[in-house]
Each structure stands twice: as C-alpha cells, then as structure tokens.
Amino acid sequence: MAALWKLPILYVCENNLYGMGTSIERSSSNTKFYSRGDVIPGFKIEGQNILAVREAFKWAKNYSAVQGHGPLFIELSTYRYHGHSMSDPGITYRTREEINEVRANRDPIEIVRRLLLENSWA
C-alpha cells in the first residue's frame, strides 16, 4: 500500500549483525535487508556514524515526502557489543578480536570525536 499510494514512509532496519546468538549469515538467505522491499527502493548506511545517519535521513525525508517518491527502506549497519540478554553472553558466536576491531574502527563515540577534532568543529 505504501508503494502503491506513494506514502512518505521511511522503513528502518537497525542491523546489528546478530540475532539471539546467531549471525545474520546463518539466519537469512538475503543479508542485504535494504533490498527486501521489492518495489520499495532501499539503501544501507553506516549506522555507527551519527553525521552520516543525520544526512541520510535528511535526504530520505526530502526524497520521500517533498519530492513525492513514496516510501524508502533504510538499513542501518550497527553493532551490538554485548550479548542479547542474560542467557546470551555474546561470546560463543563471535570473538573478542571481532569486538575489539569494531571498537577500534567503528565505535560511534570515537567516530564523532575524530570528526570533531579533524574538522575543528569542537
């Protein structure tokens, strides 16, 4: 209905790469979630970068509502540092090296800190 009526709706999937103890590769035949909208266009962005998220949503709002193109599907690539719940410690299906790699290269706080300093915004 959203595509048929060109409704200005933004569908968002926050993809943290893991379900309850399972990687997306083991639970989905199509891990490109942004492409699942059939006739609804979609795209994937780095959800750990707040400035990229802000700009993407500004563009998406303009595209969907102002320009009248209708709905969009946006996949935010994020990361969950800890297990899903008390019964999921998060250590059986990923390594400490993986978690440390994400913290070193994709941590949202570090990304913002780096952008603020490199661009003299602070």
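The values are calculated or read from the model by the stated rules, or taken from the named source; none is laboratory data. Quick caveat: nothing in here was measured; it's all calculated off a predicted structure. Positions of Cβ are generated from backbone atoms using ideal geometry, with glycine treated the same way; all protein chains shown enter the neighbour counts. Heads up: the accessible areas ignore ligands, DNA and RNA and are worked out on the full protein's heavy atoms, side chains in. Shrake-Rupley method; radii C 1.70, N 1.55, O 1.52, S 1.80 Å.
What to note about this one:
- Condition check for SER35: farther than 22 Å from ASN16 by Cα, open to solvent by 50 Å² or more (accessible area, probe 1.4 Å) and either in contact with a Cys (Cβ under 6 Å, 6 or more places away or on another chain) or among the hydroxyl-bearing types (Ser, Thr, Tyr) (or both): no
- Within the stretch 10-30, the set of residues being in contact (Cβ under 8 Å) with a residue 12 or more places away in the chain, of a type in the set (A, V, I, L, M) and either surrounded by 13 or more Cβ atoms within 10 Å (Cβ to Cβ) or within 11 Å of LEU76 (Cβ to Cβ) (or both) comprises LEU10, VAL12, LEU17.
- Selection within the stretch 47-68 - free of Cβ contacts under 8 Å to residues at least 60 places away in the same chain, outside any helix (DSSP H, G or I) and open to solvent by less than 50 Å² (accessible area, probe 1.4 Å): GLY47
- Restricting attention to the stretch 69-122, the residues that are touching a residue at least 24 places away in the same chain (Cβ under 8 Å) and open to solvent by 100 Å² or more (accessible area, probe 1.4 Å) total 2.
- Per the conditions (1) more than 30 Å from ARG113 (Cβ to Cβ); (2) under 17 Å from the mean Cα position of the chain (by Cα); (3) open to solvent by less than 50 Å² (accessible area, probe 1.4 Å), the sole criterion not satisfied by PRO41 is (3).
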